[in-house]
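Below is one structure, written out as structure tokens; the observations come after it.
The values are calculated or read from the model by the stated rules, or taken from the named source; none is laboratory data. Keep in mind the model is a prediction, meaning the values are calculated, not measured. Note that each Cβ is placed from the backbone with ideal geometry, even for glycine, and that neighbours are counted across all protein chains shown.
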Amino acid sequence: MRWRPVVMTAAAVLGTALLTGAGAAAGSLAPAAADTSASAAAQGGTWGTAAEIPGSNRLNHGGHATIGTVSCASATNCGAGGSYTSGFSSTAPIVQAFVVNKTANIWRMAEQVPGTATLNTGGNANINSVSCPAPGDCSAGGYYTDASSGHQQPLVVTETSGTWGSAQEVPGSAALNVGGPGSVILSVSCAAPGDCSAGGYYSDASGHEQAFVVTQTNGTWGSAKEIPGTGALNAGGSARVDSMSCGAPSNCSAGGQYASKTVDGIATVQAFVVNETGGTWGKAKEVPGTAALNGGGYATVNSMSCPSAGNCSAGGSYTTAAPLTQAFVIDETNGTWGTAHLVPGSAVLNKRGLAQVNSVSCATAGNCSAGGFYMDAAFDTQAFVVSESGGTWGSAKEIPGSAALDQHAPGAMTDSVSCGAPGDCSASGSYTDSSGAQQAFVADQSAGNWGSAEEIPGTAALNGGGQAAAQSVSCAPGGGLCNAAGTYLNVKLNAQVFAVSQG
């Protein structure tokens with residue numbers, strides 16, 4: 001039995017349109033426009049006007065582009081990646097992977113990931129995660145599909161001094177990934193240029209999903225390996241790394257899920273964490289405290305953030321015996337994981353028993369913010385944020401101003417949070433307006449206080465198809481300005497990708 005992560009994004013909750021036809025006219029990113037909202041002013045930067053990522057329309061002939069993550073080493077230097085549909089075969093769309101850079105405050109042209117034309121003979125590739133520890137130095141991970149087996153294969157690609165190298169199959173993964181449907185990198189994190197870790201899952205000979213990690217040292221990727229200890233935990237045959245974060249080179253943490261057993265065809269899914277110390281991965285273990293929480297048998301870590309070696313925070317969800325799905329957070333201090341607990345205040349908000357943390361970001365140890373969603377009494381999802389200061393988590397709250405924006409089912413949610421300094425963060429996601437259209441929002445935190453959510457400037461003009469979301473936001477270290485990226489449907493119902501910056 002194959003399980004998928006419980007994590008829900010705007011696209012998962014609000015649905016995805018059937019996307020066909022040619023793309024819209026190519027656009028370029030507009031310079032920052034003035035924005036006098038209280039949210040933007042509080043953060044110290046105003047959000048400019050969103051625009052289609054340059055070059056993406058030229059690639060996206062099939063009219064279905066997606067964005068994975070954006071990662072910014074500084075306010076003016078970022079990397080991002082995702083996928084686009086180059087055309088259609090006789091049986092299916094042809095999906096290719098792309099990367100794009102912001103350099104010297106200008107978004108450059110999106111390009112097909114170098115080397116994937118040779119690898120992706122099966123016509124289905126994507127970049128899921130990008131991490132940029134320094135301007136012009138990034139690594140990314142995802143997958144491609146080979147034609148011979150039709151299986152997904154994990155890929156990594158590295159940018160050095162502003163130039164993307166050739167994508168490669170993750171070394172050692174061929175020996176692991178011998179079953180269908182294949183293997184995928186879901187998360188990449190780099191503590192320094194050329195020093196990264198990545199994780200995801202592969203399919204063994206029995207078709208079971210197993211969790212793996214791979215480490216890059218001095219620019220060279222080592223061999224993928226099953227995470228120690230997950231073989232014993234994963235009796236139900238469905239394990240994966242959903243989030244990776246590195247606090248220092250060769251010192252990382254990862255989290256995800258595994259299926260502990262299968263009874264009458266139903267797997268009990270548990271959340272795990274695992275640490276890398278000095279280049280050696282330890283044994284995975286069930287997230288401390290979730291055994292008592294997860295009476296309903298479905299828990300997962302959705303997001304991990306490690307601002308320094310051995311100091312991390314993570315968040316996700318678990319299911320009570322009732323069953324109710326609740327959001328949790330957990331902290332690691334000096335290499336020791338504490339006990340997972342319900343996000344403070346979320347039980348009062350979560351009237352209909354469906355809540356989770358989608359994203360966690362920590363500027364320093366014990367100073368973090370997290371975001372996700374809960375379901376209110378009217379069965380609408382609402383976007384929440386919660387902050388930790390000095391190692392203590394405060395109470396979750398609906399993002400200020402989101403209630404005024406969110407006027408229709410199915411509701412709103414926070415997809416991504418990023419913190420440049422303690423108490424100075426941004427969040428992004430989506431809401432549903434009074435006409436039932438999905439719109440993209442951002443909200444900013446300054447000095448520990450969250451300002452009001454606002455529709456991303458410029459997305460109203462782009463989003464003629466009524467389905468936009470800002471899936472990823474990244475704020476420069478040290479309290480610098482932020483960048484966000486997402487997707488929208490144009491008037492032809494083609495999915496396109498956009499970026500927007502504070503200035």
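So that you can scan it fast, the table gives a plain yes or no per residue for (1) out of contact with any strand residue (DSSP E or B) (no Cβ under 6 Å at 6 or more places or on another chain); (2) more than 29 Å from PRO249 (Cα to Cα); (3) without any contact (Cβ under 8 Å) to a residue 24 or more places away in the chain; (4) among the hydrophobic types (A, V, I, L, M, F, W, C):
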| position | (1), (2), (3), (4) |
| --- | --- |
| ILE94 | no, yes, no, yes |
| MET109 | yes, yes, no, yes |
| ASN120 | no, yes, no, no |
| SER131 | no, no, no, no |
| TYR143 | no, no, no, no |
| SER149 | yes, yes, no, no |
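Taking region 355-386 on its own, how many of its residues are over 20 Å from GLY247 (Cβ atoms) and in a strand (DSSP E or B)? Let's see the steps before the verdict.
Going through region 355-386, the residues over 20 Å from GLY247 (Cβ atoms) turn out to be 355-356, 358, 371-386.
Cutting the leftovers down to in a strand (DSSP E or B) gives us 356, 358, 371-375, 381-386.
Within region 355-386, residues that are over 20 Å from GLY247 (Cβ atoms) and in a strand (DSSP E or B) number 13.
Residue-wise test of (1) under 12 Å from CYS425 (Cα atoms); (2) touching a Gly at 6+ places or on another chain (Cβ under 8 Å).
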| site | (1), (2) |
| --- | --- |
| GLY464 | no, no |
| ALA468 | no, yes |
| CYS475 | yes, yes |
| GLY478 | yes, yes |
Point to revise | Residue count for region 135-150, restricted to those that are more than 14 Å from GLY162 (Cβ to Cβ) and among the charged types (D, E, K, R) | key: 1
Review point. Does GLN438 satisfy being among the polar types (S, T, N, Q) and touching an Asp or Glu at 6+ places or on another chain (Cβ under 8 Å)?
Key: no
Check your understanding: Across region 227-242, what is the number of residues that are under 23 Å from ALA191 (Cβ atoms) and assigned to a strand (DSSP E or B)?
Key -> 3
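Being more than 23 Å from the chain's Cα centre (by Cα) and small (Gly, Ala, Ser) is the requirement here; does SER131 meet it? Give the derivation first.
On the way: more than 23 Å from the chain's Cα centre (by Cα): no; small (Gly, Ala, Ser): yes.
No.
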Point to revise | All positions within region 330-340 that are under 22 Å from the mean Cα position of the chain (by Cα) and either under 16 Å from ASN311 (Cβ atoms) or assigned to a strand (DSSP E or B) (or both) | key: ILE330, ASP331, GLU332
Exercise for review: Quickly run through region 70-96 and pick out the residues that are out of contact with any Cys (no Cβ under 8 Å at 6 or more places or on another chain), β-branched (Val, Ile, Thr) and buried (at least 23 other Cβ atoms within 10 Å of the Cβ).
Suggested key: THR85
Check your understanding: Wholly within region 1-90, which helices (runs of 4 or more DSSP H) include no fewer than the required count, namely at least 1 residues that are closer than 25 Å to ALA421 by Cβ and either at pLDDT 95 or above or touching a strand residue (DSSP E or B) at 6+ places or on another chain (Cβ under 6 Å) (or both)?
Key -> 38-43
Review point. Limited to region 106-119, what total is found for residues that are over 23 Å from the mean Cα position of the chain (by Cα) and part of a loop (DSSP other than H, G, I, E, B)?
Key: 1
Study note, to complete from the structure: Looking across region 205-226 at residues that are within 16 Å of CYS246 (Cα to Cα) and either polar (S, T, N, Q) or buried (at least 19 other Cβ atoms within 10 Å of the Cβ) (or both), the single one that is farthest from the chain's Cα centre (by Cα) is ASN218
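Hey, can you tell me all the residues within region 378-416 that are among the polar types (S, T, N, Q) and under 18 Å from VAL343 (Cα atoms)? First the steps, then the outcome.
At the first step, the residues of region 378-416 found to be among the polar types (S, T, N, Q) are 381-382, 387, 389, 392, 395, 402, 407, 414, 416.
Within region 378-416, THR381, GLN382, SER387, SER389, THR392, SER395, THR414, SER416 meet the criteria.
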Review point. Which ranges mark the strands (runs of 3 or more DSSP E) fully within region 262-324 that have 3 or more residues being β-branched (Val, Ile, Thr)?
Key: 266-277
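Restricting attention to strands (runs of 3 or more DSSP E) lying wholly within region 132-200, give those where 1 or more residues are of a type in the set (D, E, K, R), modelled with pLDDT of 95 or more and buried (at least 18 other Cβ atoms within 10 Å of the Cβ). Before the answer, list the steps.
Numbers: elements: 137-145, 152-160, 184-192.
Strands (runs of 3 or more DSSP E) meeting the threshold: 137-145, 152-160.
Do the conditions hold for THR325, that is, is it surrounded by fewer than 19 Cβ atoms within 10 Å (Cβ to Cβ) and polar (S, T, N, Q)? Even if it seems obvious, please write down each step before you answer.
On the way: surrounded by fewer than 19 Cβ atoms within 10 Å (Cβ to Cβ): no; polar (S, T, N, Q): yes.
Judged against the criteria, THR325 is not a match.
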**Study point:** Residue count for region 382-412, restricted to those that are under 17 Å from SER359 (Cα atoms) and touching a helix residue (DSSP H, G or I) at 6+ places or on another chain (Cβ under 6 Å)
**Key:** 3
Exercise for review: For region 97-121, name all the residues that are over 20 Å from THR76 (Cα atoms), of a type in the set (A, V, I, L, M, F, W, C) and surrounded by fewer than 16 Cβ atoms within 10 Å (Cβ to Cβ).
Suggested key: ALA117
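If I ask for residues that are hydrophobic (A, V, I, L, M, F, W, C) and touching a Ser or Thr at 6+ places or on another chain (Cβ under 7 Å), which ones from region 128-154 would you list? Write out each step before concluding.
Step one: of region 128-154, the residues hydrophobic (A, V, I, L, M, F, W, C) are 130, 132, 134, 138, 140, 147.
Matches in region 128-154: VAL130, CYS132, CYS138, ALA140, ALA147.
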